[in-house]
Amino acid sequence: MDRIRLAGRRADRAWGGQVSNDGCGAPVGGVALANADAGDQAVIQGVVKRDGAPLRGAYARLLNTDGDFVGEVATGDEGTFRFFAADGDWKVRVLASQGFTAEYDVAAQVGKVIDLQVEA
């Protein structure tokens, strides 16, 4: 049951884009956050920074309320990530180098954009 769509991916998951080179298979991030239009979806997005600078290569994971894995993206040069999700409660777990892990509870609503600022 797919309830999310990752930025830059089609609903049928057919995608020929670049993936991260560390073996996890997550698409390389770097989506522009300024022009997010939620429309008929809920958008959960954010920026991961370290020492005030965008952090490339961190991972944002979307988990359902049971803590089950739903999707993952790697941050790009701007440290950004984005998920398109269904209405409801979600968790976003961010993992970065040096053992950094943070988790955020998010209540997604159709038509709304939720912005997370993560300092790793």
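The set of residues in region 49-82 that are surrounded by fewer than 17 Cβ atoms within 10 Å (Cβ to Cβ) and on the phi > 0 side of the Ramachandran plot comprises D51, G52, G67. Whenever a residue of region 87-113 is closer than 15 Å to V47 by Cβ, its partners that are in a loop (DSSP other than H, G, I, E, B) and among the polar types (S, T, N, Q), lying with C-beta atoms within less than 9 angstrom and at least six residues away or across chains, give the pairs V94/T75; A96/T75. Would it be correct to say that A85 is more than 27 Å from G52 (Cβ to Cβ), buried (at least 19 other Cβ atoms within 10 Å of the Cβ) and among the aliphatic types (A, V, I, L, M)? Yes.
Taken together, the values in this text are just the output of simple stated rules run on the coordinates, not laboratory data. Because the structure is predicted, anything quoted here is derived from the model rather than measured. Backbone-built Cβ (ideal geometry, glycine too); neighbour counts: all protein chains shown.
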